[in-house]
Structure formats: C-alpha cells, structure tokens
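**Student:** Input: one structure, supplied below.
Derivation of every value follows stated rules applied to the coordinates shown; laboratory data play no part. Please read all numbers here as calculations on a predicted model, not as lab measurements. Don't worry about glycine lacking a Cβ; one is built from the backbone with ideal geometry, like all the others, and counts go over all protein chains shown.
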C-alpha cells in the first residue's frame with residue numbers, strides 16, 4: 001500500500017475551466033485516506049489551486065503523423081492523454097497513477113480503487129463496447145504505471161500513424177487494447193465507475209418523473225456525452241431520452257463540498 005497516491009488529469013484547450021480541475025482535486029483528496037500528489041498536465045495554469053502540481057503539456061515529436069491519422073479518423077485533437085504515459089515525466093515518482101478525465105464527479109471512497117489491480121492498466125469496460133461484445137475499456141477513469149507500462153507511450157511514439165489507425169482514433173481503445181495485448185489489463189468493477197446517462201437516469205417516461213439516482217456503490221460518476229455536469233445540476237431538457245430533473249446529489253458532491261473544502265474562490 002503506497003503512502004502517497006499519485007493522481008493525474010489533463011486539461012488542454014479552454015473547454016473546461018480551472019474549477020473542473022480544482023473540484024476534481026477536492027473530490028479526490030476528500031475521498032482518499034492517504035496523502036495525495038495531484039498532477040495536472042496543462043498549458044493553461046490560471047486559476048488552479050496552489051496544491052495542484054503542474055505538468056507542462058508537451059508538443060510530442062510524433063504529433064504531426066498522429067494528427068494526420070486522427071484527421072482521417074475524424075477525431076482531430078484526440079489522444080493527448082498519451083503524454084501522461086511517458087516514463088520519467090514526473091520527478092521522483094513512486095508508484096503508478098490513478099487518472100481521471102475532467103468530466104467526472106467523485107461520489108465515494110476511492111481507497112479500494114487505489115489498491116485495485118496493482119501493477120496493471122485498469123479501466124472500466126466501456127458501456128457501448130460491452131453491449132456490443134467488444135473488449136474496449138472506458139477512459140474516464142484509468143490506472144497505469146509508466147515504469148511498468150512504458151509501451152503505452154513508446155509504441156505510439158515509434159509508429160504513431162499505424163497505432164492511431166489501428167485504434168481508429170480512440171485513445172481508450174488504444175490504451176486498453178495495447179495493455180490487453182501485453183497481458184497487462186484489468187477491468188475496474190462496473191458498479192464503482194458509473195455513467196450518469198446510463199446508470200443514473202431512468203428511461204422515458206420515468207426520467208421526467210424521478211430525479212437522477214446515485215447508485216449506492218458508485219465511487220465515480222462519468223458525464224460522457226450529454227448532459228454534462230453543468231447541465232445536469234440544474235436539470236437537462238435538451239433531449240427527450242436524456243431529459244433530467246435537477247440533480248441535488250451532483251450539486252452536493254461536485255460544488256458544495258468542494259467549496260467547503262477549498263473555498264468559493266477556487267471551486
């Protein structure tokens with residue numbers, strides 16, 4: 001059991017403001033019973049809490065052929081997360097990383113997740129891929145160790161166009177399938193990492209009647225697709241299928257507790 005838990009996220013561009021990083025940091029440290037080293041790879045550092053360790057967002061030497069393959073796959077701008085996988089990126093790193101996308105909310109203890117599948121790449125089974133009988137992991141929550149899985153970076157650096165083409169421009173497909181090829185992958189239990197739209201919302205017409213539910217075992221709720229957190233907090237009416245009433249538990253975990261923890265100026 002590591003004394004310090006390493007946590008990583010990446011913020012590139014301006015789609016997500018600094019409050020997303022700060023609220024994620026607060027949610028992580030409030031739900032891990034050990035010290036946390038929280039790193040954010042970004043080119044925009046304004047407004048980030050001083051306890052967040054900044055990692056510069058690099059322009060990778062293989063960026064041009066990777067971008068060309070992504071353009072063919074109609075996924076231009078994807079796969080920036082692979083920069084987190086480079087060995088030696090973080091000074092004096094001990095152990096692996098627990099990584100998060102910014103469109104997630106921490107809702108329960110992360111201690112079991114921190115200790116899950118040590119030394120493996122771990123992701124939740126992607127909801128749609130699982131339904132179709134395919135093995136791809138979902139990239140919103142991921143575990144990896146750059147010392148134990150250097151191939152996640154090195155293989156893409158060696159053959160960027162080919163690897164992106166094989167993965168069809170999907171970072172989560174690249175990461176999970178590459179780890180599976182190396183016998184180095186584990187699925188995070190599905191009830192730990194849940195989808196707001198698949199696991200918290202009822203189908204019509206019940207979503208019009210009932211507020212979104214928070215599954216009892218959920219540690220992380222992912223807001224992939226629509227609605228996003230800012231929409232779900234107030235209630236989302238942009239789709240008959242994903243229509244959502246106001247979500248009080250989301251406001252509590254994502255905003256209220258973060259502001260109590262860090263102060264309103266940060267969250």
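**Student:** Among 227, 91, 56, which one shows the highest mean-square fluctuation when the chain is modelled as a Gaussian network with alpha-carbon springs under 10 Å?
**Tutor:** Sorting by GNM fluctuation, first place goes to 91.
**Student:** What residue among 40, 200, 222 has the largest mean-square fluctuation in a Gaussian network model of the chain, using Cα springs under 10 Å?
**Tutor:** Looking only at 40, 200, 222, the biggest GNM fluctuation is shown by 200.
**Student:** DSSP beta bridges in the chain, what fraction antiparallel, as a percent rounded to 5? Write out the running numbers ahead of the final one.
**Tutor:** Details: 12 of 34 bridges.
Antiparallel: roughly 35 percent of the beta bridges in the chain.
**Student:** Let me ask something additional. Between residue 159 and residue 94, take the C-beta separation as r, use R0 = 30 Å, and let me know the FRET efficiency to the nearest 0.05. Each step should come with its number before you reach the end.
**Tutor:** Values: r = 30 Å, r/R0 = 1.02.
About 0.50, to the nearest 0.05.
**Student:** Sticking with this one: Could you state the number of Å between the C-alpha centres of the range 30-89 and the range 247-267?
**Tutor:** 24 Å
**Student:** I've got another one for you. Say each of residue 203 and residue 45 gets a label point 7 Å from the Cα, pointing the same way as Cα to Cβ; how far apart are those two points in nm?
**Tutor:** Spacing of the two 7 Å Cα→Cβ label points: 5.0 nm.
**Student:** Once the piece of chain linking residue 109 and residue 180 is laid out straight, how much longer is it, given 0.36 nm per residue of separation minus the C-alpha distance between them? All intermediate terms of the calculation are to be shown ahead of the outcome.
**Tutor:** On the way: separation 71, 0.36 × 71 = 25.56 nm, distance 2.73 nm.
Value of the extension gain: 22.8 nm.
**Student:** Residue 216 to residue 166: extension gain in nm, 0.36 nm per residue of separation minus the Cα-Cα distance?
**Tutor:** Numbers: separation 50, 0.36 × 50 = 18.00 nm, distance 3.75 nm.
Once the chain is fully extended between residue 216 and residue 166, it gains 14.3 nm.
**Student:** How do 175, 42 rank when sorted from fewest to most other Cβ atoms within 10 Å of their own Cβ? Please report the intermediate quantities before stating the final value.
**Tutor:** Working: 175 26, 42 21.
So the ranking, lowest neighbour count to highest, is 42, 175.
**Student:** Still on this structure, please answer the following. Given the options 256, 136, 14, which has the most mean-square fluctuation in a GNM of the chain, springs set between C-alpha atoms less than 10 angstrom apart?
**Tutor:** 14
**Student:** Also, I was wondering about something else. Restricting to DSSP H runs of at least four residues, report the calculated mean residue ellipticity at 222 nm for the chain, -39500 (n - 2.57) per run over all residues, nearest 500 deg cm²/dmol. All intermediate terms of the calculation are to be shown ahead of the outcome.
**Tutor:** Values: 10 runs with 75 residues, N = 267.
Result for the chain: -7500 deg cm²/dmol, rounded to the nearest 500.
**Student:** Shifting gears a bit: Please rank 262, 24, 15, fewest neighbouring Cβ atoms within 10 Å first, as an exposure proxy. If you can, show how the numbers build up before the last one.
**Tutor:** Values: 262 18, 24 27, 15 10.
With the fewest neighbours first, 262, 24, 15 line up as 15, 262, 24.
**Student:** Pull out the extension gain between residue 74 and residue 15, defined as 0.36 nm times the separation in residues minus the alpha carbon to alpha carbon distance; nm, one decimal. Can you show the working numbers first?
**Tutor:** Values: separation 59, 0.36 × 59 = 21.24 nm, distance 1.89 nm.
Fully extending the segment from residue 74 to residue 15 adds 19.3 nm.
**Student:** For a quick protection proxy, order the peptides 115-123, 201-209 by their average other-Cβ count within 10 Å, most packed first. Write out the running numbers ahead of the final one.
**Tutor:** Details: 115-123: 18.2, 201-209: 13.6.
Packing order, densest peptide first, comes out as 115-123, 201-209.
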